[in-house]
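In what follows, a structure is listed as structure tokens, so that the remarks can point back to it.
What follows is calculated from the coordinates using simple rules that are stated; it is not laboratory data. Here the structure is a predicted model, which is why all the values come from computation and not from measurement. No Cβ is skipped: glycine too gets one built from the backbone with ideal geometry, and neighbour counts run over all protein chains shown.
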Amino acid sequence: MTGKESVRPPAKAAGGFGALLSSFHQLRVHGVVSDWASFLKANRPDGFDCPGCAWPEPKEASRMEFCENGVKAIAHEITSHRVDRAFFERHTVGELAQRDHYWLERQGRLTEPMRYNAETDRYEPIAWADAFQLVGDRLRALEHPDRAVFYTSGRTSNEAAFLYQLFGRLLGTNNFPDCSNMCHESSGVALGEAIGIGKGTVTIEDFEKADAIFIFGQNPGTNHPRMLAELQKAAQRGCTIVSFNPLKEPGLQRFTHPKHPVATLVGSSTPISSHYYQPLVGGDLAAVKGMIKVVLEREAAAPGTVLDQAFIETHTRGFEAVRADAMATAWEDIEANSGLTRAQVTEAAELYLAADRVIACWAMGLTQQKQAVGSIQTLVNLLLLRGNMGKPGAGACPVRGHSNVQGDRTVGIVEKPKPEFLDALGRVFDFDPPREHGLNTVEAIKAMDEGRVDVLFCMGGNFAAATPDTELTEAAIKRLDLTVHVSTKLNRSHVVTGKDALILPCLGRTERDEQAEGPQVVTVEDSMSMVHASRGHRRPAGAMLLSEPAIVAGVAKASLTHEGIDWDALVADYDRIRAKIAEVLPMFADYNRKIREPGGFYLGNSARDRVWRTQGGQARFSVHPLPENHLEPNQLRLMTVRSHDQFNTTIYGLDDRYRGIKGKRMVVFLNGEDMADRALEAGMRVDLISQGADGRKRKAEGFEVVPYELPRGCAAAYFPETNVLVPIDSYASRSFTPASKFIPVWLERCDV
Ligand SMILES: Nc1nc2c(c(=O)[nH]1)N[C@H]1C(S)=C(S)[C@@H](COP(=O)(O)OP(=O)(O)OC[C@H]3O[C@@H](n4cnc5c(=O)[nH]c(N)nc54)[C@H](O)[C@@H]3O)O[C@H]1N2
Ligand SMILES: Nc1nc2c(c(=O)[nH]1)N[C@H]1C(S)=C(S)[C@@H](COP(=O)(O)OP(=O)(O)OC[C@H]3O[C@@H](n4cnc5c(=O)[nH]c(N)nc54)[C@H](O)[C@@H]3O)O[C@H]1N2
Ligand SMILES: [Mo]
């Protein structure tokens with residue numbers, strides 16, 4: 001306790017002066033106040049792609065977008081602090097394992113390859129060549145390549161990701177779990193089945209044309225701040241913005257653009273959402289089904305006037321079943337399941353009907369639920385009813401997280417690759433890629449737990465902390481023979497190690513990437529399928545850092561017997577990697593020319609063109625029952641969310657400014673009546689307890705009670721501290737995304 005922590009009323013608006021102030025604070029803490037030039041290069045045609053999120057760049061190349069959380073992401077990468085060999089001499093791994101995420105992150109950039117020595121319980125320096133050899137020896141000695149798992153986090157560039165998957169497949173495995181498995185996998189599965197492509201169908205221009213934008217389970221004020229500028233413009237020209245979120249998020253209510261000096265100083269803000277519905281956690285499927293019911297009732301009352309009949313007939317199948325299901329679903333069930341009244345659902349449906357062009361956005365509030373795939377497909381049903389797919393100003397917009405998570409998937413980081421992709425890869429590189437599907441994140445943890453894996457190789461990320469069921473997962477990691485982390489910053493995964501462990505430090509986005517044939521650019525794909533170049537300008541944080549592609553090449557050369565790939569040449573000039581990507585994936589035709597144009601290029605989206613690559617060749621309506629959302633007596637539905645001062649497991653600070661939290665993270669947001677029922681008062685401390693299907697109880701200790709505006713029976717707390725509560729078997733059906741937005745928990749006083 002520092003005495004500085006407190007709970008304040010939630011902010012009235014996002015952005016504004018507070019955002020500027022907080023950014024300046026970050027620069028001071030990291031000793032990089034004078035580095036404004038670095039920030040001016042973010043998301044500019046000649047600069048680097050901001051590692052903060054996957055929201056697209058502004059259309060006009062001249063517009064510099066200010067984003068507080070982008071500043072934080074950059075400041076933490078360009079920090080002047082270092083984790084060098086002296087650091088590891090000072091700290092045993094046992095000692096580091098006692099530190100929290102915030103402390104680990106603050107120590108600074110990793111600077112040289114390190115190997116864990118179990119005898120001294122310390123990391124010690126190792127030469128790059130020896131590190132590569134060590135990995136190569138272990139991989140070649142595996143009983144089967146499937147005993148290795150290759151994880152990816154979504155900051156990895158297209159070039160590095162492509163080489164990485166090529167290396168893994170040459171080795172003989174499709175074990176490519178990635179952060180997307182815990183993130184938008186549900187969206188990928190749902191959209192793939194429904195419209196034939198697992199990506200969003202809108203572009204940034206559509207936000208300028210929409211009549212209504214519906215936002216489900218997303219907190220853009222914190223997680224996609226640049227989206228607020230787009231929403232503000234839309235609201236100002238009269239577009240209706242409707243939010244569905246159990247929590248009242250200040251950023252969805254009002255926004256002050258920190259770029260507008262006058263508005264910022266006088267604090268004048270624009271309302272964002274005209275309507276804000278607070279369903280129960282997990283109540284969206286029912287809410288949307290209710291909206292569909294209203295739409296169909298209106299059509300029945302005035303046939304031929306409400307639905308887009310021509311679209312439904314030409315482009316879809318399965319409509320009748322959806323109609324029968326909606327009509328057969330009772331309003332009492334919709335109300336009980338969604339937590340919204342019939343009047344509220346009807347009002348939301350009327351807003352939908354009043355708009356000719358509708359965009360539906362969503363993020364983790366929908367995807368991290370057991371019924372996630374069904375919820376998203378129900379939302380697609382709603383869009384299809386009025387042809388809101390493949391017309392200007394309308395469509396599906398799953399808002400991605402990591403800045404290149406979508407690109408990584410596009411270039412082959414998939415555990416269940418399509419046969420056409422493998423055929424092309426095999427043809428271009430003259431080998432027989434493995435056909436058997438690999439492990440996703442949840443399956444990989446289970447396989448590790450059951451002793452079916454020996455090596456875990458992580459390209460970025462923080463596997464130990466980001467994944468569910470922390471105790472089980474950490475125990476499983478510790479049983480591995482070797483763990484390898486290609487990373488920029490120290491994190492929990494470096495101190496929960498296999499018997500042998502390596503840290504391989506790499507360049508970040510902001511840094512110059514100099515290779516044998518000159519300086520290199522990498523490319524990334526944003527949430528709306530725009531691919532563009534990213535060029536770092538800064539001097540690397542250490543002389544020994546290698547780029548991610550160079551590290552993959554080093555490991556590949558030490559591990560593979562396959563001849564005929566000149567890894568050194570590929571790394572000497574990334575144009576050669578891109579040329580290979582284009583050979584394997586025709587959508588990248590002319591890649592090297594197109595990324596040299598300002599703004600990059602659009603990969604296209606078949607559903608946007610009303611070409612449906614589904615089974616049957618049409619967009620598919622699909623029927624999904626209301627979820628059970630089962631709770632034991634006295635349990636609450638806990639959602640695990642991000643604070644304003646974190647990027648996933650990277651903790652930037654201890655404030656959650658918009659929600660009024662200062663100086664702490666161990667809080668649980670509760671409804672006042674739920675508190676009264678349990679004789680709880682603000683400031684008291686509770687443990688959170690969950691129980692999996694395995695019967696085992698899981699506990700997260702010491703959360704301060706904070707009353708908040710959210711529905712009865714619902715609660716919220718921050719991840720990753722709460723990942724210990726998510727049972728490994730609690731995930732979305734078919735997408736395997738951990739259900740980290742619906743954890744049934746009991747509260748237990750712990751301060752008495
Ligand atoms: N600054 C910053 N930016 C980030 C990140 C970060 O950690 N920090 N992370 C990046 C990543 S990887 C991702 S995936 C995105 C995540 O972006 P978000 O999805 O916005 O992140 P979460 O904090 O998980 O917030 C989910 C929202 O869903 C709501 N919610 C929870 N359960 C339900 C539900 O059942 N129904 C509805 N309707 N709403 C619900 C919560 O109240 C919360 O507002 O952000 C990306 N950008
Ligand atoms: N309970 C709960 N769990 C969740 C979620 C949730 O909402 N609730 N959200 C899930 C989601 S949406 C996601 S995407 C995952 C995130 O899972 P991950 O992507 O695995 O986790 P991050 O915290 O983003 O990873 C941070 C680390 O990445 C490394 N890093 C940063 N930049 C670079 C780089 O340029 N190159 C390399 N090689 N390394 C770099 C740094 O070492 C840093 O410590 O977490 C998931 N887990
Ligand atoms: Mo994510």
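For segment 444-459, take each phi angle, set θ = phi - 60°, evaluate the Karplus expression 6.51 cos²θ - 1.76 cosθ + 1.60, and give the result in whole Hz per residue in order, putting x for glycine and proline.
5, 5, 5, 5, 5, 4, 8, x, 9, 10, 10, 10, 10, 10, 10, 8
At what distance in nm do the modelled label points of Asp100 and Glu5 sit from each other, each positioned 7 Å from its Cα along Cα→Cβ?
0.6
Roughly speaking, what is the stretch gain from Asp751 to His275, that is 0.36 nm per residue apart minus the C-alpha to C-alpha distance, in nm to one decimal?
Taking Asp751 through His275 to full extension adds about 167.4 nm, to one decimal.
Given the C-alpha atoms of segment 34-187, compute the convex hull and give its volume per residue in Å³.
So the per-residue hull volume is 183 Å³.
³J(HN,Hα) across segment 111-118 via Karplus (A = 6.51, B = -1.76, C = 1.60, θ = phi - 60°), whole Hz, x for Gly/Pro?
10, 8, x, 10, 10, 6, 10, 5
Would you calculate the volume per residue, in Å³, of the smallest convex hull containing every Cα atom of segment 487-552?
So the per-residue hull volume is 131 Å³.
In bins 10 Å wide, starting from 0, what share of all Cα pairs of segment 350-409 does each bin hold, as a percent?
21, 44, 30, 4
Taking every pair of alpha-carbon atoms in segment 71-138, what share in percent sits in each 10 Å bin, from 0 to the bin with the longest distance?
Result, from short to long distances: 18, 43, 31, 7, 0 percent.
Arranged from highest to lowest average of other beta-carbon atoms within 10 Å per residue, in what order do the peptides 588-601, 216-229 appear?
216-229, 588-601
Provide the convex hull volume over Cα atoms per residue for segment 512-640, in Å³.
So the per-residue Cα hull volume is 273 Å³.
Counting DSSP beta bridges with both partners in the chain, what percentage is antiparallel, nearest 5?
Around 45 percent antiparallel, to the nearest 5.
For segment 189-398, what is the percent of antiparallel DSSP beta bridges, rounded to the nearest 5?
Roughly 10 percent of the DSSP beta bridges within segment 189-398 come out antiparallel.
Need the C-alpha centroid separation for segment 267-282 versus segment 450-482, integer Å.
39
Given that compact globular proteins tend to follow 2.2 N^0.38 Å, what is the ratio of the alpha-carbon Rg of segment 189-398 to that value?
1.00
Run the reach check for Lys662 against lysines, Cα to Cα strictly under 19 Å, same-chain hits fewer than 8 apart removed. What comes back?
Lys4, Lys12, Lys72, Lys248
Compute the Kirkwood hydrodynamic radius of the chain, taking the inverse of the mean of 1/r over all pairs of distinct Cα atoms, and give it in Å to one decimal.
26.3
As an exercise, find the ratio Rg/Rh for segment 636-749 from alpha-carbon atoms, using the Kirkwood inverse-distance average for Rh.
Ratio of gyration radius to Kirkwood radius for segment 636-749: 0.96.
Please flag any cysteine in the chain that has no other cysteine's Cβ under 4.7 angstrom from its own Cβ.
Lacking a cysteine Cβ partner under 4.7 Å: Cys50, Cys53, Cys67, Cys179, Cys183, Cys239, Cys458, Cys506, Cys714, Cys750.
Among 332-340, 353-361, how do they line up from the highest to the lowest mean number of other beta-carbon atoms within 10 Å?
So the peptides 332-340, 353-361, ranked by packing, come out 353-361, 332-340.
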